[in-house]
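Undergrad: I am attaching a structure below and will ask some questions about it afterwards.
The values are calculated or read from the model by the stated rules, or taken from the named source; none is laboratory data. The shown structure was predicted, so the numbers you read here are calculated from the model rather than taken from an experiment. Positions of Cβ are backbone-derived with ideal geometry, glycine not excepted, and every protein chain shown enters the neighbour counts. Ligands, DNA and RNA are excluded from the accessible area calculation, which covers all protein heavy atoms including side chains. Shrake-Rupley method; radii C 1.70, N 1.55, O 1.52, S 1.80 Å.
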Amino acid sequence: MAVICLAKMLSLSMCPFTWPNVLSLRTIANHAAGQLGSVNRHCITRTALQKCMRKTSHQYGCSKHSRSVHATSSLMVSKILSVDEIFTKRSLHDYLKRVEAEYHSYLEIVNTAAHQTDDEDLKLKRTRVASLGPLVQKIRDLELKKRELEETKMLLNDNDPDIRDLAETETEACHIAIQDLKQTILSLLIPEEESDMSDLVLEVTAGIGGQEAMLFTAEIFDMYQGFAAFHGWSFDTLEYMPSDLGGLRHAAASISGPLSYKKMKFEAGVHRVQRVPKTEKQGRMHTSTMTVAVLPQPTEISFTINPKDLRIETKRASGAGGQHVNTTDSAVRIVHVPTGIVSECQQERSQIKNKEKAMKVLRAKLYSMKLEEETSKRYQTRKLQIGTKGRSEKIRTYNFSQDRITDHRIGKTVHDIHGFLSGEELLEEMTESLQRFSEQEALMDILEANDQ
Amino acid sequence: MSSLFKRVLNRYIGTAKHQFSRDASLAVGRNLPAVSRMTVKQAARLWEQHFLEHDIPEARLSSQYIIAHVLGAKTLENVEQRRLAEFLTDAQTERVWELCSKRLTRMPVQYVIEEWDFRELTLKMRPPVFIPRPETEELVSLVLQDLQAQPYGGKTGTTGLQCLEVGCGSGAISLSLLHGLPQLRAVAVDRSPEAVSLTRENAMRLGLQDRLHIHQLDVTKDGSEIVETCGVAQVLVSNPPYLFTQDMEILEEEILRFEDHRALDGGGEGLSVIGAILGLAPQLLSEQGRVYLEVDPRHPPLIQEWVEQRTVGLQYVETRCDITERPRFCILQKGEKRRGQ
């Protein structure tokens, strides 16, 4: 346990702007190890140091490690709790105990009353047993591993150096397994959002800052196109309204692929850029903004629109239509009359394809309105508001002169704007932090609700 | 740059001499914009302006579609922002000037770039074969919806689903149906040899030739041959010429001068080909088989009356509207009229 604590202590003590070098790390490690007694001093030092080095390299962005909850920056540490920290919470243990008890009592009922299949209550219990099964199994596994760790630790003080070595390896393996199990348990506790599995419609709109804001909007749109390619999602532009100087006023795209909404939903909000625009002659720094909306794309079955509520506008509406005219203007504009929501598409040469694409955007807009209504109460207390909620809130700053990107919701900063705007590892790292933070909030909600 | 200009002009006049000498002299008389090194965006704007000055309809779109086509895209909206600011190569400039000159003669954009999209498909377009209109995309939707809702395949067993199209033009309807329904087979007829060969070419390009038989037959003359060759189908679909002859006068030059009049002119009341199709329909359809027609908005009541008075073995099912809420499609079904209906 000492090894882990030490490593954690070290990582906590690191500050994002003044990285301790390896030498000073070694000093701390040696010093700390010295206080632990001389028997296993060497091995602890080595392990701790390895861990520190690994963490350090990770902090510099060299590796992509998905499970390092607390290894990004000190600002983060204050907000995102590590798995271990969450597991120190009493409420979590109470909750897990309650889940186990519920599982066993239901299992008992289900097993003894196996023949009355038409009982509604029994069906519910059966479903609950089935859904809790994996979680309970993991809780049990964790107990077993913890016991195993205790037993192995005894051998660390064995006289035979071979056995000590073996025990050390075993202990390390146990720690990793325990971390894995804890992580799994937490992710099993976090509820799935209904819309997490859906595809999405991305909308970008230039905000304040004129041409500069439009240029930035084009860069952000490209970033998400890169992000989609990075994940192997399909990216289909639905709408694109460029500005005269190569910027972008407004655009929409349909993104689909595994986990696309889950990863993209935290991108919604106001993005701010601080830089000296290309058009600026006196070298003054400007601040401009653009807005991102991420709308889950409902399936045909889950959300229907009454065709009578739609007014479809095309170029062909005037004049005779049919064989009488040969227009190449295939743009389609659809108005949802009850809400006044409008969507249009002119990406395609086929009118029916334009209509389909416009419908896609319209459906997403209407669906997200519906979701917003339904969920606004549920997420009132949360900081990371999903979907279109919090659209007006500034979520992130791209500061070019300092070459940094800061997400204000979780206080996370990464460097290398160019790399970030390519929509690859750095953006992925950011969305993963946001996701962990959001999951943690969801978890805390559950635990708090459980306490009351 | 002057050498490039000369080359463009020479090349343009060279092709024009062979194919469009009359139109070419017109266009040259209008002075082409000077060729110079310019970006995609500048070229698009220049030609839009030039088309406007010469009263070419849809000036902006024409310029954009042609330039997008030269860049290998379908619309300029699909071209990346940074490419719009890049310079056109000499070869691209030459091609843009060549194609835009054709448009100056009022040639439809679809013929100028020799292709257009119909639903999911990109089809080859060639004068004088009729250019499919957006309404016909909806006709295909109607047929697809019906066929997907009713599993004909089960009823007809091994013979599978069969469709007949009268007046196939570029092949848009048949090829879209074949594309959408893998179990479907189709026969397409058209009286024009150009249409027959263009449909064949499009079928080959899309890899759908194995399920499509194409015959050069005229529904108004070769009735018995059509019945012999085509066998029995569950679906008879057509976008027949349905303009009233008097309407031909009001057509835009794009249509009047470039498209086959026989694909447009449906006679005095626009019903001459429709009548021939409905007359043959009972012999071409299986029991409960359906006819899907695109027509002029004035036609549905006339057709309903016509069927009720004259045609034996055909029932009028319903009229459907197009996207602009005009009564545009007629659905009929084989079978005797039941009492009380």
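Undergrad: Kindly list the number of the only condition in (1) free of Cβ contacts under 8 Å to residues at least 40 places away in the same chain; (2) over 24 Å from B:Gln283 (Cβ atoms); (3) surrounded by fewer than 22 Cβ atoms within 10 Å (Cβ to Cβ) that fails for B:Ala203.
TA: The one condition B:Ala203 does not meet is (3).
Undergrad: When you scan the range A:313-327, how many residues do you find that are modelled with pLDDT of 90 or more and either buried (at least 19 other Cβ atoms within 10 Å of the Cβ) or facing chain B (nearest Cβ under 8 Å) (or both)?
TA: 8
Undergrad: When you scan the range B:197-206, do you find a residue that is in contact with an Asp or Glu (Cβ under 9 Å, 6 or more places away or on another chain) and either modelled with pLDDT under 95 or within 14 Å of another protein chain (Cβ to nearest Cβ) (or both), even just one?
TA: Checking the range B:197-206: not a single residue is in contact with an Asp or Glu (Cβ under 9 Å, 6 or more places away or on another chain) and either modelled with pLDDT under 95 or within 14 Å of another protein chain (Cβ to nearest Cβ) (or both).
Undergrad: Still on this structure: Taking the range B:128-144 as the search range and keeping residues that are in contact with an Asp or Glu (Cβ under 9 Å, 6 or more places away or on another chain) and more than 10 Å from every other protein chain (Cβ to nearest Cβ), which one is most open to solvent (accessible area, probe 1.4 Å)?
TA: In this case the residue turns out to be B:Pro128.
Undergrad: Could you tell me which of the residues B:Ala186, B:Ala195 is outside any helix (DSSP H, G or I), in contact with a Cys (Cβ under 7 Å, 6 or more places away or on another chain) and touching a residue at least 12 places away in the same chain (Cβ under 8 Å)?
TA: After applying the criteria, what remains is B:Ala186.
Undergrad: From the list B:Val96, B:Val112, exactly one residue is modelled with pLDDT of 95 or more and touching a Lys or Arg at 6+ places or on another chain (Cβ under 7 Å). Which is it?
TA: Just a single option satisfies the conditions, and that option is B:Val112.
Undergrad: Quick test for you: out of B:Val312, B:Val232, B:Val295, pick the one residue that is open to solvent by 10 Å² or more (accessible area, probe 1.4 Å), among the aliphatic types (A, V, I, L, M) and either closer than 17 Å to A:Ala320 by Cβ or touching a strand residue (DSSP E or B) at 6+ places or on another chain (Cβ under 6 Å) (or both).
TA: Residue meeting the stated conditions: B:Val232.
Undergrad: For the range A:204-238, which positions are among the charged types (D, E, K, R) and open to solvent by less than 20 Å² (accessible area, probe 1.4 Å)?
TA: Result: A:Glu212, single match.
Undergrad: If a residue must be at pLDDT 95 or above, open to solvent by less than 60 Å² (accessible area, probe 1.4 Å) and either of a type in the set (A, V, I, L, M) or part of a helix (DSSP H, G or I) (or both), how many such residues does the range B:207-225 contain?
TA: 6
Undergrad: So which residues in the range B:235-254 are open to solvent by less than 60 Å² (accessible area, probe 1.4 Å), within 14 Å of chain A (Cβ to nearest Cβ) and in contact with a helix residue (DSSP H, G or I) (Cβ under 8 Å, 6 or more places away or on another chain), if there are any at all?
TA: Those that are open to solvent by less than 60 Å² (accessible area, probe 1.4 Å), within 14 Å of chain A (Cβ to nearest Cβ) and in contact with a helix residue (DSSP H, G or I) (Cβ under 8 Å, 6 or more places away or on another chain): B:Ser238, B:Asn239, B:Pro240, B:Pro241, B:Tyr242, B:Leu243, B:Asp247, B:Met248, B:Leu251.
Undergrad: Also, quick follow-up: So which helices (runs of 4 or more DSSP H) are wholly in the range B:74-127 and hold at least 1 residues that are open to solvent by 40 Å² or more (accessible area, probe 1.4 Å)?
TA: Here the list reads B:81-84, B:90-104.
For (1) outside any strand (DSSP E or B); (2) touching a Lys or Arg at 6+ places or on another chain (Cβ under 7 Å), each residue gets a yes or a no:
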residue	(1), (2)
A:Tyr224	yes, no
A:Phe230	yes, no
A:Thr237	no, no
A:Met241	no, yes
A:Arg249	no, no
A:Phe266	yes, no
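Undergrad: Quick one: in the range A:328-372, which of the residues that are more than 7 Å from chain B (Cβ to nearest Cβ) and in contact with a Pro (Cβ under 8 Å, 6 or more places away or on another chain) is surrounded by the most Cβ atoms within 10 Å (Cβ to Cβ)?
TA: In this case the residue turns out to be A:Ala364.
Undergrad: What pairs can you find where one residue is in the range A:282-305 and on the phi > 0 side of the Ramachandran plot, the other is modelled with pLDDT of 85 or more, and their Cβ atoms are less than 7 Å apart, with a gap of 6+ or different chains?
TA: Taking only residues 6 or more apart or on different chains, the pairs are A:Gly283/A:Val276.
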